[in-house]
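The values are calculated or read from the model by the stated rules, or taken from the named source; none is laboratory data. These figures come from a predicted structure and were not determined experimentally. Because the Cβ atoms are built from the backbone with ideal geometry, glycine has one as well, and the counts that use them run over all protein chains shown.
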Amino acid sequence: MKEEDFIPVAEPWIGEKEKEYVNQCLEEGWISSKGRFITEFEEKFSSFCGVKYGLAVSNGTAALHLALAALDVGQEDEVLVPSLTFIATANAVRYTGAKVVCVDSNPETWNISVSDLEKKITSKTKAIIPVHLYGHPCEMDEINELAHDNSLSVVEDCAEAHGAEYKDKKVGSFGDMGVFSFYGNKTITTGEGGMLVTDNKELYERARFLHDHAMSKKQRYLHPEVGFNYRMTNLQAAVGVAQTERLDELIQIKRKNAQLYNNLLKNVKGITLPPEKPYVKNIYWMYSVLIEKEFSLSRDELIEKLKDNRIETRPFFVPISNQPPYSDQPLCSVAEELSKKGVNLPSSTKLTEEQIQYITETIKTLSNQN
Ligand SMILES: *Cc1c(COP(=O)(O)O)cnc(C)c1O
């Protein structure tokens, strides 16, 4: 590869179909939040997930907030979230007025720990938000069993796991609702966007009502409740339809890239490869590794050195329990440790085999230099 090439962590793959469908919107004049692509996107994406209903919204955070609002989560309630996740998972809970309760991570899957989850359930707990971190599904059977036994709702945060499978079923189909993000760095993108999917007709209708200003069906401009404007535009949905048509292919590329990374990194001392439990299909939204003490550089030193070699990376998320607005949380020590050790390597579907070889060779050279 050329020296001047900079390898990004993620980048969208925009094809001809995206342009064609967006142009159709422009030509037909349907550029706002009504139009045929919205319906088509909702149908195509929800059926991809194996779920009956889909509601396209403005972004993933809005989808999370809307799901909780549809479940009537409010001030008196507690909602369990993994400490190791992107901030939006917790913020959506805070928007409802409910209390965020952080749950520690499972050191094997990096996802929410079922045993810690069980310990954190109180009489005030109303819902659980499992997050399929970096593309690896959570332990959905155990989580659903706990939810069932304690009468809790489950909202899956699938923002990082489009098409990931747990026991041969796609994520988004396990909880009362599943939410997705189509931000620019996600597996498929609409620029900004999100979707809520569910098999529950009542929840779907309630979310649809709330997402468009909660306007009465019987009387225009009568709003029996305070709703939101969380609509997606037809332009975004046009991009979403084209992206969904290619989602299987994109997932296949991500999995193939992960296999190649795994093969090239498996013998490097001090690097822990990403998990994939035998009963799941990880989509490796972000190909991620842990930098252990045995590695010759610290995680942060490695990030700096890779940057010098024009390789972009990201450190793992800062745990929710370490974020200033959530300083009242109990210590989540596994999440903290993962957060300090983890790094996302370039994970774009446009990566070439040569680039992956260059990245892994650079890591190996760095590990031998010290
Ligand atoms: C990206 C992401 C979100 C938020 O999605 P936006 O579309 O950026 O609002 C929520 N949860 C997780 C785990 C994410 O990675």
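Which residues, taken from region 345-356, are part of a helix (DSSP H, G or I) and closer than 14 Å to ARG310 by Cα? It would help to see each step written out before you state the result.
Going through region 345-356, the residues part of a helix (DSSP H, G or I) turn out to be 353-356.
Hits for region 345-356 are GLN355, ILE356.
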With the condition kept exactly as written, say whether any residue in region 173-184 is of a type in the set (A, V, I, L, M), within 16 Å of the ligand (Cβ to nearest atom) and either over 30 Å from PRO346 (Cα atoms) or surrounded by 24 or more Cβ atoms within 10 Å (Cβ to Cβ) (or both). yes
Restricting region 241-271 to residues that are out of contact with any Pro (no Cβ under 9 Å at 6 or more places or on another chain) and free of Cβ contacts under 8 Å to residues at least 60 places away in the same chain, which is surrounded by the most Cβ atoms within 10 Å (Cβ to Cβ)? ARG255
I'm trying to understand the selection: among the residues of region 15-34, which are in contact (Cβ under 8 Å) with a residue 12 or more places away in the chain and assigned to a loop (DSSP other than H, G, I, E, B)? GLY15, TRP30, ILE31, SER32, SER33, LYS34
Is region 157-174 home to any residue that is in contact with a strand residue (DSSP E or B) (Cβ under 7 Å, 6 or more places away or on another chain) and acidic (Asp, Glu)? yes
Residues to consider are ASP168, ASP176, ASP212; find the one that is on the phi > 0 side of the Ramachandran plot and more than 14 Å from the chain's Cα centre (by Cα). ASP168
Being touching a residue at least 12 places away in the same chain (Cβ under 8 Å), away from the ligand (no atom under 12 Å from the Cβ) and of a type in the set (Ser, Thr, Tyr): is that true of SER216 here? no
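Can you pull out the helices (runs of 4 or more DSSP H) entirely within region 212-322 that have at least 1 residues that are farther than 30 Å from GLU336 by Cα? If you could, list the steps in order and put the result at the bottom.
Details: elements: 234-245, 247-265, 299-308.
Filter on region 212-322 gives 234-245, 247-265.
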So SER83 ticks every box in (1) more than 20 Å from the chain's Cα centre (by Cα); (2) of a type in the set (Ser, Thr, Tyr); (3) closer than 30 Å to SER123 by Cβ but one. Which box is left unticked? (1)
Would you call GLY193 in contact (Cβ under 8 Å) with a residue 12 or more places away in the chain and either of a type in the set (D, E, K, R) or surrounded by fewer than 21 Cβ atoms within 10 Å (Cβ to Cβ) (or both)? no
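Can you tell which of LEU196, LEU222, LEU210, LEU203 is within 16 Å of the ligand (Cβ to nearest atom) and over 17 Å from TRP13 (Cα atoms)? Can you show your working first?
Details: LEU222 fails: within 16 Å of the ligand (Cβ to nearest atom); LEU210 fails: within 16 Å of the ligand (Cβ to nearest atom); LEU203 fails: within 16 Å of the ligand (Cβ to nearest atom).
Among LEU196, LEU222, LEU210, LEU203, only LEU196 is within 16 Å of the ligand (Cβ to nearest atom) and over 17 Å from TRP13 (Cα atoms).
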Looking at (1) in contact with a helix residue (DSSP H, G or I) (Cβ under 9 Å, 6 or more places away or on another chain); (2) within 29 Å of TRP30 (Cα to Cα); (3) within 15 Å of the ligand (Cβ to nearest atom); (4) small (Gly, Ala, Ser), can you tell me which one ALA164 breaks? (2)
Evaluate the following for LEU203: is it out of contact with any Asp or Glu (no Cβ under 9 Å at 6 or more places or on another chain) and modelled with pLDDT of 95 or more? no
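Would you pick out the residues in region 323-344 that are assigned to a loop (DSSP other than H, G, I, E, B) and free of Cβ contacts under 8 Å to residues at least 60 places away in the same chain? Before you say what the answer is, go through the steps one by one.
Step one: of region 323-344, the residues assigned to a loop (DSSP other than H, G, I, E, B) are 323, 327-332.
Within region 323-344, SER327, ASP328, LEU331 meet the criteria.
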Counting only strands (runs of 3 or more DSSP E) entirely within region 35-136, those with at least 1 residues that are of a type in the set (Ser, Thr, Tyr) and within 16 Å of the ligand (Cβ to nearest atom) are none
